[in-house]
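Engineer: This is the structure, below, for whatever I ask next.
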Amino acid sequence: MTAALPPMITTTPIATPTTATQTMQRARRARRGVKIRITVPIIIIGLYVIGAITVPVIYGFDPLRTELVDRLKPPGTTLSNGSIAFLGTDQIGQDLFAQMMMGARVSLAVGASTLIFAGLAGVTVGLLAGHFGGWMDTVLMRIADVQLAFPAILLAILLASVLGQGLTNIIIVLSIANWVVFARVTRSQVLALKNREFVEAGRALGAGHFHLIVRTLLPGCVAPILVVATVEFGHVILAEAALSFLGVGVPIGVPSLGSTIQAGTAYLTSAWWISTLPGIALAGLVLATGVLGDALRDFYDPTLRGA
Amino acid sequence: MLGFVARRLLLAVFVLWGAVTVVFVVVRLVPADPALLMAGETATPEQLAALRAEMGLDQPLIAQYLQYVGNTLTGDFGRSYTQFVPAMDLIAQVLPNTALLALLACLLAVGVSFPLGLLAALRVNRFSDRAVTTLSLTTQSLPGFWIGIVLMLVFSRQLGWLPSAGLDSPQSLILPTITLALPFIAILTRMVRSGLIEVMGEGYITTARSKGLSERTVIFPHAIRNALIPVVTLVGLEFGTLLGGAVITETVFSFPGIGRLLVFSIGVRDYATVQACVVVIAVAFVLVNLFVDLLYGFLDPRVRNSR
Amino acid sequence: MTEPATARVDSLEGDPPLLRVEGLEVEFSTSAGVLRALDGVSFEVRAGETLAILGESGSGKSVTAQAVMALLPQPAGSIVGGRIWYGGRDIAAEPVKQVRKLCATEIAMIFQDPLSSLNPVFRVGDQVAEPFRRRRGMDKRQALGKALELLKRVGIPNAETRIRDYPHQFSGGQRQRIMIAMAIALKPRLLIADEPTTALDVTVQAQIMDLLADLQAETGMGLILISHDLGVVADVAQRAAIMYAGRVVETGSIREIYDHPAHPYPKGLLESIPSEGARGQRLTPISGSPPNLLAVPSGCPFHPRCEFAIDVCRTDVPMLRRPEGWEAGHEAACHRSEEVL
Amino acid sequence: MADSTPLLKVRNLRVAYPIRSSVLMRHIGDNVAVSDVSFDLHQGETVGLVGESGSGKSTIARTIIGLVKASDGSIEFEGKDIARASWRQLKSIRREMQMVFQDPYASLNPRLTVRDIIAEAWRVHPGVVPRGAWTSEAKALMDRVGLNPDYSDRYPHQFSGGQRQRIGIARALALRPKLIVCDEAVSALDVSVQAQVLNLLEDLQADLDLSYLFISHDLSVIEHLCDRVLVLNRGVVVEQGTVDQLFDNPQDDYTKRLLAAVPVVRPWLEPT
């Protein structure tokens, strides 16, 4: 690395705080990091899905069963039927772990369905508004503005209180509250793509609206939509929990993580686990989606990679 | 600038009208009879008829709507059915509390997230950046109500340092403020970080450096002033999340605010108060965003000078 | 792994050079690997002289300027070898903070895109006054007075009122004038102009070049003009350094290089330009594309595109040297200058 | 030249964008980009549009190709008025006119392979090339523009700037058009590569009897390539004529200024 120098110049060591090799190693690590940050959350979400499907079956979970002797037992207690409740039991003697996995079922189902409905509606609106512009854009985006005037949770509360409780209603409510995010992201991506020369090249070929929207614009929107969908999945799950916590979510008898936490608040001092553990389970799931969303964004947008 | 202000004002008025209309549509056009919903299943036909007359439900829909808009303009949302006072009076009692809570949470969030975001942005991919981003992502994944419950469990039930409910002393504000601010801090920190990282790659930052300015001067004011512009807009939009969070926080801490009033009113089917609460919160959101838009114009001369 | 930096004998005439770059090596780390943006770049500039650094995209001409100004993007880019001599100091070995103190007072720079180079949220007057305030400790009024003088000097009409305007309210040419005003504020001894007219219209381009030449004559500063356009600099520069794939392939007086190129690359470039009465004639392009810096060809990096390449070109890296028969001070990095050109 | 019907006949073209008031979006005026532009372009000819930024040269190109609507005037292609053509007619006219864009990075869909980028034209215009022949036809086009046909499955980012511009040209050729509009098609390229692409355009013109409408701010490129030139300033044609007339004996003051500003590679050879 040291160059042979003309004799009149005294050799001084070159002070380089970080060499390019070091920086590249860091970049490589960051790139490997992105892959890990994509794989690990997917595994975690997968575990939740498996748990949500199998655990309630294995435990023979019945929301209506009450076992008074087994009430409010701390984690690790052996129950009257001989099984070990390693996360403890709740105020009616239900095994907390089984109940949490049942709650995860609700969370995942609500999250996935909402994503599909809100995503379909939002992406369609975003594509139409962005592609056609003009009055169509104005009308659709003003509707979105009005929608945004209601904090998502507020709108959900209002709708849920009117529609009543029930899983379908929660999905409807959360879909209505969340389509705007998809619409806005899709629209801004379409606007960014629209004036790119390759889209103009499509128009110059004489491509019709359908071709442009479906074959040119939509594929270009997939990455940001995927990122938003991942993050929104977490948001929707949190919103469902909040609604259930407030008592406008799942009907009584359906154990959602939110309603379990709510039920536990009455026993905070005597049985801390009922409220805290489902919260951690919920946070773990949402965190996994958040990390995944971040990683996907880094993966799809190399300009932000390492930034 | 004048055109910009006028356009923003017009949009705000439109959004408000839209929000008020949505509330009307949601409450009046649901398949259920609002009078029945309000009076409950046990009401006699005479009671129902009286209620319908009082609510104007016997008039044509368009008349109902005009009446409703007119009333809304004067702040008349009708009488609370449980407390027998105008709904607006109930709100007037608790609104200052919520405003204070929201303001404190905002100040706390801005005060904490700006230094954190700055720190992370200036040490991209180093330890402090990773720590800040991990922490904020985790905080964002935690359900707000659960944070409240855990804080309450630790600081009032276990340690007994702070009151757990109500609003009797300034100390009562501490836990709700933190609960409300935490998710906001997380979001804001990430925004400040990414905004600043983006700005640090701009040409004018290179120019500032080529002027031999110290890195400190390059950041204050050259980078920060530009980074603030998008952050301010996002703060406005996220203010809705904050208001939604207030509903939950107030419920957890039995804090006498508009959020708890809303949840309580839903529980007792007091639709006049529910409507009033929703409209007031939407108005607050629209006003805050109007203010943010105007601030945006102040911060960015390009917007100010555009037609 | 690198060849010795060339010791200059010809630089004994007159004053010592203002800036002297010797065997400069810069590496960038990208997610695809480490690329060597500069691989042994040497040149020098004297006071009152204009040096043109010419090359196509990716040749390393802008990176050279960034390295001198300690503006290499951090943490991706770093100087890994060579010397940058300025005022008896090797600033390549000094920490960034130290080098920045020279910026604006000793060496100043203007950039290609004057719109993105000016801060959009501050008034131009404040931006031009900033060097006076931050570096010279003047108060605001005094500094703005100085800024006004400068804006008048660089030819901003109605400078008295326009000093309060924002960058987006100016035309491209005026913005570049503002950038120039800012750069010459503290009377630097060397000005580096990185593609100063590339983003501008032809008519404006000529005005900006004239302004730069005037200012140089007035102040006697050294000027480095970085450009991809061989025509734009021809009027103003006395000497040129032609870069290819992170190396200087030919250097000497600009007229000598253009009239008697000693390296096939500059020769090919000159023949590629459609101009000078050759209307309707077919162009003679250089075949192939500029190299990918992640996979620079072995030996002479130009050999895959060179019609004269022989075996030695594929294996041995040619040094900058004066080919026999060429003028003193004219150097080229080609094994076969004498035989083929 | 005047006796044959022109391929493209532009008469009194005017393009204006409406200015709307900020509050109620009322139409309060027009931002005129181009006004009263008339010219003919004959088969096999290259017409240059030259001007500085804001001169309206790109607007004219985009209006002719149909990306921007004309406010007034007529554009006739082979005697058919584009503004009055039905949707179906327009689609068939579009086949005859294609465009090569400025930015070799932005003008190719990053998500499609070279083969798919070229085949896009056949997807939009069914019946030109049968689906089964898309790959072989795309490869033939790649070969024609000097790209290795074996790379047809690669994505744009795997090519250099000059190669991408060749892909863009191949795409424009896919429908076998009569007219190609080149909007600053060589401006983003390095000099050495620019010469390659200019030569390619000349070869294609000779082989396929193409006509070019060539938009550029670079007068030396225009001088090199074009038969006739229109000089534009602020949306108006200030002078038009053959290359010889215009470059050797400019009449308009603006043209003179523009020509005087063009940098000369060897100024020491110029008589002053």
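Engineer: Is there a residue in region A:274-281 that is more than 8 Å from every other protein chain (Cβ to nearest Cβ), on the phi < 0 side of the Ramachandran plot and open to solvent by 40 Å² or more (accessible area, probe 1.4 Å)?
Structural biologist: Within region A:274-281, one or more residues are more than 8 Å from every other protein chain (Cβ to nearest Cβ), on the phi < 0 side of the Ramachandran plot and open to solvent by 40 Å² or more (accessible area, probe 1.4 Å).
Engineer: Looking only at region B:282-302, decide whether some residue is small (G, A, S), at pLDDT 85 or above and either in a helix (DSSP H, G or I) or surrounded by 24 or more Cβ atoms within 10 Å (Cβ to Cβ) (or both).
Structural biologist: So in region B:282-302, the residues small (G, A, S) come out as B:282, B:284, B:297.
Keeping just the survivors that are at pLDDT 85 or above gives B:282, B:284.
With either in a helix (DSSP H, G or I) or surrounded by 24 or more Cβ atoms within 10 Å (Cβ to Cβ) (or both) added as a condition, the list becomes B:282, B:284.
Checked region B:282-302: at least one residue is small (G, A, S), at pLDDT 85 or above and either in a helix (DSSP H, G or I) or surrounded by 24 or more Cβ atoms within 10 Å (Cβ to Cβ) (or both).
Engineer: Let me ask something else about it. Going through region D:98-127 one residue at a time, which ones are more than 8 Å from chain A (Cβ to nearest Cβ) and in contact with a strand residue (DSSP E or B) (Cβ under 9 Å, 6 or more places away or on another chain)?
Structural biologist: D:V100
Engineer: Looking only at region D:225-262, how many residues end up being open to solvent by less than 10 Å² (accessible area, probe 1.4 Å) and of a type in the set (S, T, Y)?
Structural biologist: Summing the residues that are open to solvent by less than 10 Å² (accessible area, probe 1.4 Å) and of a type in the set (S, T, Y) in region D:225-262 gives 1.
Engineer: Would you check which residues across region D:263-272 are facing another protein chain (nearest Cβ under 7 Å) and either open to solvent by 20 Å² or more (accessible area, probe 1.4 Å) or at positive phi (or both) and list them?
Structural biologist: Hits for region D:263-272 are D:P263, D:V264, D:R266, D:P267, D:W268.
Engineer: Being among the hydrophobic types (A, V, I, L, M, F, W, C) and either open to solvent by 30 Å² or more (accessible area, probe 1.4 Å) or within 15 Å of C:L270 (Cβ to Cβ) (or both) is the filter here; which residues of region C:218-236 pass it?
Structural biologist: Here is the first cut: in region C:218-236, the residues among the hydrophobic types (A, V, I, L, M, F, W, C) are C:221, C:223-226, C:230, C:232-234, C:236.
Result: C:L230, C:V232, C:V233, C:A234.
Engineer: So which of A:A177, A:A160, A:A263 ends up being open to solvent by 20 Å² or more (accessible area, probe 1.4 Å), modelled with pLDDT under 90 and either of a type in the set (F, W, Y) or not in a loop (DSSP other than H, G, I, E, B) (or both)? Spell out the reasoning first.
Structural biologist: Values: A:A177 fails: open to solvent by 20 Å² or more (accessible area, probe 1.4 Å); A:A160 fails: open to solvent by 20 Å² or more (accessible area, probe 1.4 Å).
Being open to solvent by 20 Å² or more (accessible area, probe 1.4 Å), modelled with pLDDT under 90 and either of a type in the set (F, W, Y) or not in a loop (DSSP other than H, G, I, E, B) (or both) holds for just one of A:A177, A:A160, A:A263, which is A:A263.
Engineer: What's the total number of residues in region D:24-36 that are out of contact with any helix residue (DSSP H, G or I) (no Cβ under 6 Å at 6 or more places or on another chain) and either of a type outside the set (V, I, T) or closer than 21 Å to D:C182 by Cα (or both)?
Structural biologist: First, the residues of region D:24-36 that are out of contact with any helix residue (DSSP H, G or I) (no Cβ under 6 Å at 6 or more places or on another chain): D:24-32, D:35-36.
Still in the running and either of a type outside the set (V, I, T) or closer than 21 Å to D:C182 by Cα (or both): D:24-27, D:29-31, D:35-36.
Residues meeting the conditions: 9.
Engineer: Something else about it: I'd like the full set of residues that are at the interface with chain C (Cβ under 8 Å from one of its Cβ atoms), assigned to a helix (DSSP H, G or I) and open to solvent by less than 10 Å² (accessible area, probe 1.4 Å), limited to region B:198-219.
Structural biologist: B:T207, B:A208, B:S210
Engineer: A follow-up question, please. Does C:G222 fit the bill of being within 14 Å of chain D (Cβ to nearest Cβ) and of a type outside the set (K, R)?
Structural biologist: On the way: within 14 Å of chain D (Cβ to nearest Cβ): no; of a type outside the set (K, R): yes.
Considered against the rule, which asks whether it is within 14 Å of chain D (Cβ to nearest Cβ) and of a type outside the set (K, R), C:G222 comes out as no.
Engineer: Another one. Residues in region C:24-33 that are open to solvent by 10 Å² or more (accessible area, probe 1.4 Å), in contact (Cβ under 8 Å) with a residue 40 or more places away in the chain and facing chain A (nearest Cβ under 8 Å): how many?
Structural biologist: At the first step, the residues of region C:24-33 found to be open to solvent by 10 Å² or more (accessible area, probe 1.4 Å) are C:27-32.
Keeping just the survivors that are in contact (Cβ under 8 Å) with a residue 40 or more places away in the chain gives C:27-30, C:32.
Now narrow it down to the ones that are facing chain A (nearest Cβ under 8 Å): C:27-30.
Going through region C:24-33 one residue at a time, the tally reaches 4.
Engineer: Next up: Does region B:116-174 hold any residues that are within 30 Å of A:G33 (Cβ to Cβ), within 10 Å of chain A (Cβ to nearest Cβ), open to solvent by 30 Å² or more (accessible area, probe 1.4 Å) and in a loop (DSSP other than H, G, I, E, B), and which are they?
Structural biologist: Correct list: B:V124, B:N125, B:R126, B:L142.
Engineer: C:A181 is checked against (1) assigned by TED's automatic domain parsing to the domain that holds C:P17; (2) surrounded by 23 or more Cβ atoms within 10 Å (Cβ to Cβ) and fails just one. What number does that condition carry?
Structural biologist: (1)
Engineer: Where the second residue is surrounded by fewer than 23 Cβ atoms within 10 Å (Cβ to Cβ) and of a type in the set (D, E, K, R) and the first is in contact (Cβ under 8 Å) with a residue 60 or more places away in the chain and under 14 Å from A:I92 (Cα atoms) and lies in region A:243-272, which pairs have Cβ atoms under 8 Å and are six or more apart or on separate chains?
Structural biologist: Here the result reads none, with nothing in region A:243-272 linked to a residue that is surrounded by fewer than 23 Cβ atoms within 10 Å (Cβ to Cβ) and of a type in the set (D, E, K, R).
Engineer: Follow-up question, since we're still on this one. Considering C:L215, C:L200, which residue is under 18 Å from the mean Cα position of the chain (by Cα) and open to solvent by less than 10 Å² (accessible area, probe 1.4 Å)?
Structural biologist: Numbers: C:L200 fails: open to solvent by less than 10 Å² (accessible area, probe 1.4 Å).
Selected residue: C:L215, the only one of C:L215, C:L200 that is under 18 Å from the mean Cα position of the chain (by Cα) and open to solvent by less than 10 Å² (accessible area, probe 1.4 Å).
Engineer: Which members of region B:199-214 meet the condition of being at pLDDT 90 or above, within 37 Å of the chain's Cα centre (by Cα) and not hydrophobic (A, V, I, L, M, F, W, C)?
Structural biologist: Correct list: B:E202, B:G203, B:Y204.
Here's the yes/no breakdown for (1) closer than 26 Å to B:G267 by Cβ; (2) in contact (Cβ under 8 Å) with a residue 12 or more places away in the chain; (3) not hydroxyl-bearing (S, T, Y):
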site	(1), (2), (3)
B:I62	no, no, yes
B:L66	no, no, yes
B:T72	yes, yes, no
B:G75	yes, yes, yes
B:R79	yes, yes, yes
B:A87	yes, yes, yes
B:A92	yes, no, yes
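Engineer: Can you spot a residue in region B:267-281 that is farther than 30 Å from B:V150 by Cα, in a helix (DSSP H, G or I) and open to solvent by 30 Å² or more (accessible area, probe 1.4 Å)?
Structural biologist: no
Engineer: Among the numbered criteria (1) open to solvent by less than 10 Å² (accessible area, probe 1.4 Å); (2) closer than 18 Å to A:A283 by Cβ, which single criterion is violated by A:A239?
Structural biologist: Status for A:A239: all satisfied but (1).
Engineer: Here is a follow-up. When region C:264-322 is examined, which residues are found to be in contact with a helix residue (DSSP H, G or I) (Cβ under 7 Å, 6 or more places away or on another chain), hydrophobic (A, V, I, L, M, F, W, C) and assigned to a loop (DSSP other than H, G, I, E, B)?
Structural biologist: Within region C:264-322, C:I273, C:L283, C:I286, C:C300, C:F302, C:C306, C:F308, C:A309 qualify.
Engineer: Assess whether B:A50 counts as being within 13 Å of chain A (Cβ to nearest Cβ), more than 24 Å from the chain's Cα centre (by Cα) and in a helix (DSSP H, G or I).
Structural biologist: Values: within 13 Å of chain A (Cβ to nearest Cβ): no; more than 24 Å from the chain's Cα centre (by Cα): yes; in a helix (DSSP H, G or I): yes.
Judged against the criteria, B:A50 is not a match.
Engineer: Evaluate region C:218-232: report whether one residue or more is under 23 Å from B:S210 (Cα atoms) and in a helix (DSSP H, G or I). Step through it out loud before you land on a result.
Structural biologist: First pass over region C:218-232, keeping only residues under 23 Å from B:S210 (Cα atoms): C:218-228.
With the extra rule that they be in a helix (DSSP H, G or I), the set shrinks to C:218-219.
Yes, the conditions are met somewhere in region C:218-232.
Engineer: Taking only region C:116-147 into account, find how many residues are touching a Gly at 6+ places or on another chain (Cβ under 7 Å), open to solvent by 30 Å² or more (accessible area, probe 1.4 Å) and more than 7 Å from chain B (Cβ to nearest Cβ).
Structural biologist: Of all residues in region C:116-147, those touching a Gly at 6+ places or on another chain (Cβ under 7 Å) come to C:116-117, C:135, C:144, C:147.
Add one more test, that the residue is open to solvent by 30 Å² or more (accessible area, probe 1.4 Å), and what stays is C:116, C:135, C:144.
Subset that is more than 7 Å from chain B (Cβ to nearest Cβ): C:144.
Residues that pass the stated criteria total 1.
Engineer: Among the residues of region D:181-193, what is the count of those that are at the interface with chain C (Cβ under 7 Å from one of its Cβ atoms), open to solvent by 20 Å² or more (accessible area, probe 1.4 Å) and out of contact with any Leu (no Cβ under 6 Å at 6 or more places or on another chain)?
Structural biologist: Result for region D:181-193: 1.
Engineer: A further question follows. Within region C:77-101, how many residues turn out to be surrounded by fewer than 20 Cβ atoms within 10 Å (Cβ to Cβ) and either of a type in the set (A, V, I, L, M, F, W, C) or under 27 Å from B:E202 (Cβ atoms) (or both)?
Structural biologist: Step one: list which residues in region C:77-101 are surrounded by fewer than 20 Cβ atoms within 10 Å (Cβ to Cβ), which gives C:85, C:87-90, C:93-98, C:101.
Next, from what is left, pick out any that are either of a type in the set (A, V, I, L, M, F, W, C) or under 27 Å from B:E202 (Cβ atoms) (or both): C:85, C:93-98, C:101.
Here the count works out to 8.
Engineer: Considering only residues of region B:220-258 that are of a type in the set (S, T, Y) and part of a helix (DSSP H, G or I), which is farthest from the other protein chains (Cβ to nearest Cβ)?
Structural biologist: First, pick out the residues of region B:220-258 that are of a type in the set (S, T, Y): B:233, B:241, B:249, B:251, B:254.
Checking which are part of a helix (DSSP H, G or I) leaves us with B:233, B:241, B:249, B:251.
Details: B:T233: 12, B:T241: 6, B:T249: 11, B:T251: 6 Å.
That would be B:T233.
Engineer: Further question on the same structure: Considering only region A:30-78, how many residues are hydroxyl-bearing (S, T, Y), within 23 Å of A:V286 (Cα to Cα) and open to solvent by 60 Å² or more (accessible area, probe 1.4 Å)? Working first, answer last.
Structural biologist: Filtering region A:30-78 for residues hydroxyl-bearing (S, T, Y) gives A:39, A:48, A:54, A:59, A:66, A:77-78.
Within this subset, residues satisfying the condition of being within 23 Å of A:V286 (Cα to Cα) are A:39, A:48, A:54.
Narrowing the set further to residues that are open to solvent by 60 Å² or more (accessible area, probe 1.4 Å) leaves A:39.
Total satisfying the criteria: 1.
The values are calculated or read from the model by the stated rules, or taken from the named source; none is laboratory data. Nothing here was measured: the structure is a model prediction, and the numbers come from that model. Ideal geometry is used to build each Cβ from the backbone, glycine not excepted, and the neighbour counts take in all protein chains shown. With ligands, DNA and RNA removed, areas are computed over all heavy atoms of the protein, side chains included. Shrake-Rupley method; radii C 1.70, N 1.55, O 1.52, S 1.80 Å.
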